[in-house]
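Contents: one structure, followed by commentary.
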Amino acid sequence: MWERYALSPMKELWTLAAQYRRWLEVELAALAALEELGQVPPGTTVAVRAKAEIDPERILEIERKVGHDLIAFLVALEEAVGEEGRWLHFGLTSSDVKDTALALAIREALDLVLEKAHALSRTLWELADRYRETPIIGRTHGQYAEPTTFGHKILVWYDWGRRVEERLARAREAISVGKLSGAVGTHAHFPPQAEERALRELGLSPCPVTTQVIPRDRHAEVLFALASAASLVEAIALEVRHLSRSEVGEVAEGRPEGSSAMPHKRNPILSERLCGLARILRASLAPALENCALWHERDMAHSSVERILLPQCFILVDYMLAKARELLEGLRVYPERMLDRLLSTQGLPFSEGLLLALVKAGLPRREAHALVAQLSARAVKEGRGLDEVAAEHPRVKELLSPRELEAVFDLGAWLSGVEEAFRRVSPPD
């Protein structure tokens, strides 16, 4: 169950008691706005606020009889408030309260997620800076490619993380709207002026135009931002899993988990868990997008989906961001193994440099490519370095001096461009 991954204070945002509190907050703001406009007797809001009590058990008891959660909430609230309770929910429909309260919950949840996303970004920057000059073999298609640095690898995640923060911030802006516009969004019984006053009190803006509900593309945007954050975490965790494989051993989790059968095992369990959770977040995008198309001015097809998706996705992303930071802060990095592996590649990762040097020296590119491929194959077959094999070939000796050939295999020259990537990316605030 997803409760296994629920952290405070995120999990408390999605309790039934918290939902009822937000509903009451919206009802009181709406009541106060009507009172300011003279449509409710003076002193009503103060009286209601003083007497209002939330009894979750009583609300649920009533709901079992009436089959409607908000009606049950209002009945229980009116029981507690007394005569003034008749002015609650005046001119509103259920979605006015529910959608506005949901926006409050999502906005607060996004604040928590943004805080953790920014903390992860700071950790990524610190690691990238620490290992910016640490050589490692780059890999494409799971094969050795060319030299890079471990810091450059992490810098990619940091830059990605900044975009995740931007998406979360945009989603927060998109969802920070409410509606108190009535059954089909026409303000038939609740004036726009009251809506503006009430929502301002709640820190929200009026959704410019609504039906019975706030359009669900806003909620889908939130789910996309959460899935984007989860995908970043998965990319980090997946790389840790690959680099910690027995035959690689360039990094390791700080607290790897063993095996009940094989005492020597050090499994990257946390990284694997994060990759698994990311699948759930991405899978949530499809139903979130399907929620956007509703019948006419509204149907209930989206409601049950959101009751599951929103708490689940926020709780899981909150957990993933926290654990990704924990993973990185405890990560064991082995620079000497990275360098040893790079040096054990027989110089093959420098093949492009040899190709380009031959082209500069006048050899047609097609011929240069074929020659370097031939020399690389020979180096592998004979277990020798590409530089050694190339130095013996008559065509290479004809075109390149020993110094020029040596420059091709100069690791420092290959990594000189890494610093430019760091210059292009701003450190966190």
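No lab work stands behind these numbers, since they all come straight from the coordinates. These numbers come from a predicted model, not from an experiment. All Cβ positions, glycine included, derive from the backbone under ideal geometry; neighbour counts span all protein chains shown.
Some notes on this structure:
- A Cβ-based charge dipole, computed about the Cα centre of segment 348-408 with Lys and Arg at +1 and Asp and Glu at -1, lands at about 180 debye.
- Each peptide in 420-429, 39-48 receives the mean, over its residues, of other Cβ atoms within 10 Å, and ordering these scores from highest gives 39-48, 420-429.
- Degrees separating the helix 69-81 axis from the principal Cα axis of the chain, which is the longest one: 50 degrees
- The distance from the alpha carbon centre of segment 1-43 to that of segment 77-126 is 6 Å, rounded to a whole number.
- Relative contact order (%) - the chain, alpha-carbon pairs under 8 angstrom, separation at least six: 17 percent
- Centroid-to-centroid separation of segment 293-358 and segment 176-201 [C-alpha atoms, Å]: 41 Å
- Between 0 and 90°, nearest 10: helix 301-329 axis offset from the chain longest Cα axis: 40 degrees
- For the chain, lysine pairs separated by 8 or more sequence positions, or belonging to different chains, with Cα-Cα distances below 15 Å total 4.
- Cα long-axis angle, helix 192-202 against the chain (0 to 90 degrees, to the nearest 10): 60 degrees
- Sequence-distant residues sharing a close amide H with GLY138 (under 5 Å, placed H): ALA145, GLU146, THR148
- Annotation: peptides 92-105, 161-174, ranked by per-residue average of other Cβ atoms within 10 Å with the highest first, follow the order 92-105, 161-174.
- Oblate is the label for segment 277-367, because a/c, from the alpha-carbon gyration tensor with a ≥ b ≥ c as root eigenvalues, is 1.5 or above and a/b does not exceed b/c.
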